[in-house]
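To start, the structure itself, in structure tokens.
The values are calculated or read from the model by the stated rules, or taken from the named source; none is laboratory data. Since we're looking at a predicted model, the values are computed, not measured. Here the Cβ positions follow ideal geometry from the backbone for every residue, glycine too, while neighbour counts run over all protein chains shown. Quick note on the areas: whole protein, heavy atoms, side chains included, nothing else; ligands and nucleic acids left out. Shrake-Rupley method; radii C 1.70, N 1.55, O 1.52, S 1.80 Å.
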Amino acid sequence: MLIDVKKEWEKIIGPFASERLTGGFSHHTFLVTQASRQYVLKIEKGSGGYLRREYEVLEQLRGASFLPDPAGFLEAEGYFSFMQSYHRGENVSKLASHSSFWLEAYKSLAVMLASEVHSRKGSIREYDRNAEPLQWNIDALPLRAMHHQAVEVWKARTSTGITFVHGDAGPHNMILNENHRAVLIDWEWAGWNDPMIDISWVLWNAAFHAPERYSELRRAFLETYVSIRTMNITETNIKAYSLAVIYRALGRVRRSPEAIQNRWVKRLDWTLNSNWEKGEPL
């Protein structure tokens, strides 16, 4: 049980107060507070899941300024858990989309991805291959025609290569700290993949959550990104690679309440049947 995992951690770092944080498909997240320090504690049932991958990534990238530092892991009571540094600040997705912070965040995200993530070499094991999510036979989808449509969009893509990727990049996984420095969190989907996975999902989040500012955020992000890392970014690829993230999410929520499953099915429908990926040429 979770309380037993916390007790095991207290044997290591001493007594602490904990507060549950939101987020996470299949794990629990807590803010851990002691007299002179704070951590984030993540707990997942089992030992070989997404959190172990995230901890591996944090260890491999330890010391980088754009992500949390790992602070130890624990396997106990049938759970895998780890601590990471806590960054006090605002989650960008919680800020009003019309605020200047979104534009600031999108420029910062472009710099982080182009210069720190997509340019990085290392030995972190591959998470999944590009085409794997779209090869699933998803019988659970209420409109099977959507799956065939998604496969056709996916087949039209062109690969831009393989780099290290975050896997779920966007304002929902960005913290602007008190000094307005950006920190990218939640690395559980990271691995080696086409960098369009990250680029498309960043733009999808702008189009879906801040449609009135999509053109502005799209231009700011892409102009900043290509000024650092040359890349041919097409509308076809923007739509296609966003589907890989949506399909991974659909796989994660298969055992979730029906309302959560339906939310992602609706997002798939919107992604396929709107022209959100289009924008002014750079």
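Restricting the first member to region 73-95 and to residues that are open to solvent by 70 Å² or more (accessible area, probe 1.4 Å) and modelled with pLDDT of 95 or more, and the second to residues that are of a type outside the set (S, T, N, Q) and not in a strand (DSSP E or B), the beta-carbon pairs closer than 6 Å and six or more apart or on different chains are PHE73/TYR55. Each residue in region 78-116 was checked for being outside any strand (DSSP E or B) and either farther than 22 Å from TRP204 by Cβ or not hydrophobic (A, V, I, L, M, F, W, C) (or both), and 16 pass.
Counting just the residues of region 250-266 that are assigned to a helix (DSSP H, G or I) and β-branched (Val, Ile, Thr), which one comes out most open to solvent (accessible area, probe 1.4 Å)?
First, the residues of region 250-266 that are assigned to a helix (DSSP H, G or I): 250-252, 258-266.
If we keep only those that are β-branched (Val, Ile, Thr) too, we end up with 260, 265.
Numbers: ILE260: 51, VAL265: 20 Å².
For region 250-266, the residue satisfying everything is ILE260.
Matching residues to (1) β-branched (Val, Ile, Thr); (2) modelled with pLDDT of 95 or more:
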position: VAL32; (1), (2): yes, yes
position: ALA35; (1), (2): no, no
position: LEU41; (1), (2): no, yes
position: GLU44; (1), (2): no, no
position: TYR50; (1), (2): no, no
position: GLU56; (1), (2): no, no
position: LEU61; (1), (2): no, no
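The requirement of being out of contact with any His (no Cβ under 8 Å at 6 or more places or on another chain), within 17 Å of PHE80 (Cα to Cα) and open to solvent by 30 Å² or more (accessible area, probe 1.4 Å) is fulfilled nowhere in region 31-38; no residue meets it.
Looking for whichever is at pLDDT 95 or above and either of a type in the set (Ser, Thr, Tyr) or surrounded by fewer than 23 Cβ atoms within 10 Å (Cβ to Cβ) (or both) here; the options are TYR247, TYR225. Which one fits? Break it down stepwise before answering.
On the way: TYR247 fails: at pLDDT 95 or above.
Step by step, each of TYR247, TYR225 is checked, and only TYR225 is at pLDDT 95 or above and either of a type in the set (Ser, Thr, Tyr) or surrounded by fewer than 23 Cβ atoms within 10 Å (Cβ to Cβ) (or both).
Taken as a whole, the condition of being open to solvent by less than 10 Å² (accessible area, probe 1.4 Å) and among the acidic types (Asp, Glu) does not apply to ASP269.
Residues that are surrounded by fewer than 23 Cβ atoms within 10 Å (Cβ to Cβ) and in a loop (DSSP other than H, G, I, E, B) within region 189-212 comprise just one, ALA210.
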